[in-house]
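Quick notes on the structure that follows.
The values are calculated or read from the model by the stated rules, or taken from the named source; none is laboratory data. These numbers come from a predicted model, not from an experiment. Cβ placement follows ideal geometry from the backbone for every residue including glycine, while neighbour counts extend to all protein chains displayed.
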Amino acid sequence: MKEDFNIQLLVSYLTGNCSKEEQKQVEAWLSESPQNKAMLEEYRTVWACSGLNDSACLINIDRAWDDFKSKTNFDQAEEVETKRFIPVYRKRSFIYKAASIAAMFLLAISMVFVLNSEKKSQMLNYTSTATSSQNPLILSDGTKITFNDQSSLDYPENFEGNFRKVDFHGEAFFNVKSNPEKPMIIASENVRVKILGTSFNLCNEDNSDIITVHLEEGKVLFYSVDDNENILQEITLLPGEVGVYNKKTATITKNQFTNSNYKSWKTGALDFVNAPLSEVIKTLERTYNIEVNVSTPIDSYFLTAHYSNKNPRSIFDSFEMIFGLKIEQQNKKVNISK
């Protein structure tokens, strides 16, 4: 490329200072070859690096221009075909004018960045393991989250704006730090939980058709949204209530809960009072992440028992003694027969 190449137009194009006709001419030139596009990107990168050289944000046009030429080999580069490009400007004054525009443009962008003292917070991801329940995650606002296995949370390093927004999947127990001026919103698929400050268990697992919120303290708004975040259905939960979102019917209901088995993964405690054995088995499957196959009728069996920090094998052994069932256990699979 020779020095009579129309670099002034490229700089004007990069800084948004060219006319519509000039913009069409540059875009036509860019469409001629990938090399032309690559050249423009190289100039864009060089200007970004060389437009501001002084630490005090003072613009030195001569230095910026010399730096630009040296980085692009402007004086030594081979000539590039510029068919249908606009007439050439040889006067250096145009180059300085273009450089001034570019440098002032970069200065304006830099000042906006400096004056915006609240740096955009970095997004972080947490994925739980089998031992995560022993080490709760504490967010920047003081919110404490205890995770069940195979759960994940996307959250900002620092909360900005009017809400504390996070994205969650899996199961966890939340102790949300109270801040009425800045509610927390937990997104889980197309369901939202809006909290001021409270304690609750949120569960959304891949192998389940429901998303549940068991509220222990405070008050939460539990609602579903469409793709544009418009609210479709909402309910308010009070302590002792469980909100249930059905993924198949896209409906939300709420009921009272009478035990704490929903968080047995966290506490290690299971309580059953005259509970149908079929429901007990479902609780054990969810708590211990196991698969239970039943090949005999169990509709007439009910269980009243308390288990504390028991492994699933010992619980199923008790079924053999209580109900006379035959239990076969192997790894994560359990077979029940008569």
- request: Determine whether Asn261 is closer than 19 Å to Asn309 by Cβ and touching a helix residue (DSSP H, G or I) at 6+ places or on another chain (Cβ under 7 Å).
  value: yes
query: Across the range 174-201, what is the total count of residues that are in a strand (DSSP E or B) and either basic (Lys, Arg) or within 17 Å of the chain's Cα centre (by Cα) (or both)?
result: 9
- prompt: Of all the strands (runs of 3 or more DSSP E) wholly in the range 228-310, which have at least 3 residues that are over 23 Å from Leu215 (Cβ atoms) and without any contact (Cβ under 8 Å) to a residue 60 or more places away in the chain?
  reply: 291-294, 302-308
- request: Kindly check whether there is at least one residue in the range 316-334 that is of a type in the set (A, V, I, L, M), surrounded by fewer than 16 Cβ atoms within 10 Å (Cβ to Cβ) and in contact with a strand residue (DSSP E or B) (Cβ under 6 Å, 6 or more places away or on another chain).
  value: no
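Residues are listed down the side, and each one gets a yes or a no for (1) within 25 Å of Ile211 (Cβ to Cβ); (2) modelled with pLDDT under 90; (3) not assigned by TED's automatic domain parsing to the domain that holds Val11:
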| position | (1), (2), (3) |
| --- | --- |
| Met111 | no, yes, no |
| Ser151 | yes, no, yes |
| Glu157 | no, no, yes |
| Glu160 | no, no, yes |
| Asn175 | yes, no, yes |
| Glu181 | no, no, yes |
| Ser188 | yes, no, yes |
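For (1) surrounded by fewer than 16 Cβ atoms within 10 Å (Cβ to Cβ); (2) over 31 Å from the mean Cα position of the chain (by Cα), each residue gets a yes or a no:
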position: Leu221; (1), (2): no, no
position: Ile231; (1), (2): yes, no
position: Ile235; (1), (2): no, no
position: Gly240; (1), (2): yes, no
position: Lys247; (1), (2): yes, no
position: Thr251; (1), (2): yes, no
position: Asn255; (1), (2): yes, no
position: Phe272; (1), (2): no, yes
position: Pro297; (1), (2): yes, yes
message: Given (1) more than 28 Å from Lys333 (Cα to Cα); (2) at pLDDT below 95, identify the lone condition not met by Glu241.
response: (2)
